[in-house]
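Structure first, commentary second.
No value in this document is a laboratory result; all are computed from the given coordinates. Bear in mind that the values here come from a model prediction, so they are computed numbers and not experimental data. Every residue, glycine as well, gets a Cβ built from its backbone with ideal geometry; the counts of neighbours run over all protein chains shown.
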Amino acid sequence: MASILKVDTITGVATAGSISVTGEGNSTTTNLQQGLAKAWATFNADGTPAFRDSFNSSTLTDNGTGDMTISYTNSFNGAGDYTAGGQVCYNGVTTTSYCLQPYSDSTIITTSTRYSILYNTASAVGVADYSYCSTINQGDLA
């Protein structure tokens, strides 16, 4: 029989919203929200770009071949300390390069991330639009 736990707030020893976890011989405070994805998306960049599904991702912009920008519904914090990662596939083959650019002209961009889809094979290198792209972003929201 499955159990269901529903709570409004979890508080721990250190601060509200935290749980005190003991392990490896010391006490570590872990904020539950720190490890959650703050934005993610799966999208088609081949042909007319479109989201397949997304969370906290509002607009998908085609800047040209192999060049996409995803804008966020809720921006990341002003410090710009967030990560962006992802993967792209074409006909079941994973590309070797996927460049994410939350940094432009000496400024951390907190409202969107630009994606350059690159490929590098034994016989060619270049940019391309792939039919399956996925991305995940983690960090603190503004």
(request) Evaluate the distance, in nm, between pseudo-label points positioned 7 Å from the Cα of Thr65 and of Arg52 along their respective Cα→Cβ axes. (result) 2.4 nm
(request) Can you figure out the FRET efficiency of Ala142 with Thr121, using R₀ = 41 Å and their beta-carbon distance, to the nearest 0.05? (result) 0.55
(message) Net charge within 13 Å of Ser116 by Cβ-Cβ distance, Lys/Arg positive one each and Asp/Glu negative one each, not counting Ser116 itself?
(response) -2
